[in-house]
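> Have a look at the structure that comes next, please.
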């Protein structure tokens, strides 16, 4: 079984925030796959089913962002999941809105939810970083990720959600390396700048 974990904060007041884009990617995958997010399990919202002939589980931890590792750890223990079968979806302020960056392993890059997970599992965990844009000059990163996307950013956000769904499907079907090769390049190199997405812009 493959497990896709999208990070965010619970509650309707946070639903549209940049910090919750991990939840939104999992919602998009649930819509595309027909897997309902209908169960309360592992301190989060859970769904499980078959997509493209692969057994897939979806998890949105409701432990608050900074304690996301508790939900992931519980799911790993229950199903005895190898780390290679888990993908974590997080927001990234060092990538343009809607831009994706997959990694097979590495640091948390300043993302506190990912940090909590990696402290429990180690760095050998694949992640899909979803760009939410850098904060305006003078705006604290932690404040920025707790704002909604602007109307001008919405088209890029929607394109990114579609592309992220395709990336998750590729990862589940073919593995992390083919997904990296296909989805780490910007869709339009002429208009989207590159970024390594791993250096981090401070903890958030």
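The values are calculated or read from the model by the stated rules, or taken from the named source; none is laboratory data. In this text the structure is predicted, and so the values were computed from the model without any measurement. Ideal geometry is used to build each Cβ from the backbone, glycine not excepted, and the neighbour counts take in all protein chains shown.
> Taking the criterion of being closer than 20 Å to residue 52 by Cα, in contact with a strand residue (DSSP E or B) (Cβ under 8 Å, 6 or more places away or on another chain) and at pLDDT 95 or above, would at least one residue in the range 148-158 satisfy it? Write out each step before concluding.
Kept after step one, since they are closer than 20 Å to residue 52 by Cα, are these residues of the range 148-158: none.
No - not one qualifying residue is present in the range 148-158.
> Quick check on the range 12-42: of everything there that is surrounded by fewer than 19 Cβ atoms within 10 Å (Cβ to Cβ) and within 15 Å of residue 68 (Cβ to Cβ), which residue is nearest to the chain's Cα centre (by Cα)?
Top of the filtered list is 14.
> Let me confirm something: among 97, 50, 72, which residue is surrounded by fewer than 22 Cβ atoms within 10 Å (Cβ to Cβ) and at pLDDT 95 or above?
50
> Take the range 53-62 and flag every residue that is surrounded by fewer than 20 Cβ atoms within 10 Å (Cβ to Cβ) and either in contact with a strand residue (DSSP E or B) (Cβ under 8 Å, 6 or more places away or on another chain) or part of a helix (DSSP H, G or I) (or both).
Matches in the range 53-62: 54, 55, 62.
> Condition check: under 17 Å from the mean Cα position of the chain (by Cα), modelled with pLDDT of 95 or more and more than 28 Å from residue 185 (Cα to Cα). Does residue 45 satisfy that? Before the answer, list the steps.
Working: under 17 Å from the mean Cα position of the chain (by Cα): yes; modelled with pLDDT of 95 or more: yes; more than 28 Å from residue 185 (Cα to Cα): yes.
Spelling it out, residue 45 is indeed under 17 Å from the mean Cα position of the chain (by Cα), modelled with pLDDT of 95 or more and more than 28 Å from residue 185 (Cα to Cα).
> Further question: Return the residues of the range 75-93 that are surrounded by fewer than 21 Cβ atoms within 10 Å (Cβ to Cβ) and in a loop (DSSP other than H, G, I, E, B); say none if nothing qualifies.
80, 81, 82
> I've got another one for you. Determine whether residue 163 is over 18 Å from residue 9 (Cβ atoms), modelled with pLDDT of 95 or more, part of a helix (DSSP H, G or I) and in contact with a helix residue (DSSP H, G or I) (Cβ under 9 Å, 6 or more places away or on another chain).
In short, yes.
> Here's a follow-up. Can you say whether residue 40 is in a helix (DSSP H, G or I) and farther than 17 Å from residue 171 by Cβ, as far as the supplied structure shows?
When the stated conditions are applied, residue 40 does not pass them.
> Out of 138, 98, 49, report the one residue that is farther than 15 Å from residue 9 by Cα, free of Cβ contacts under 8 Å to residues at least 24 places away in the same chain and touching a helix residue (DSSP H, G or I) at 6+ places or on another chain (Cβ under 7 Å). Give the derivation first.
On the way: 138 fails: touching a helix residue (DSSP H, G or I) at 6+ places or on another chain (Cβ under 7 Å); 98 fails: free of Cβ contacts under 8 Å to residues at least 24 places away in the same chain.
Step by step, each of 138, 98, 49 is checked, and only 49 is farther than 15 Å from residue 9 by Cα, free of Cβ contacts under 8 Å to residues at least 24 places away in the same chain and touching a helix residue (DSSP H, G or I) at 6+ places or on another chain (Cβ under 7 Å).
> Can you say whether residue 9 is in contact with a helix residue (DSSP H, G or I) (Cβ under 6 Å, 6 or more places away or on another chain) and part of a loop (DSSP other than H, G, I, E, B), as far as the supplied structure shows?
yes
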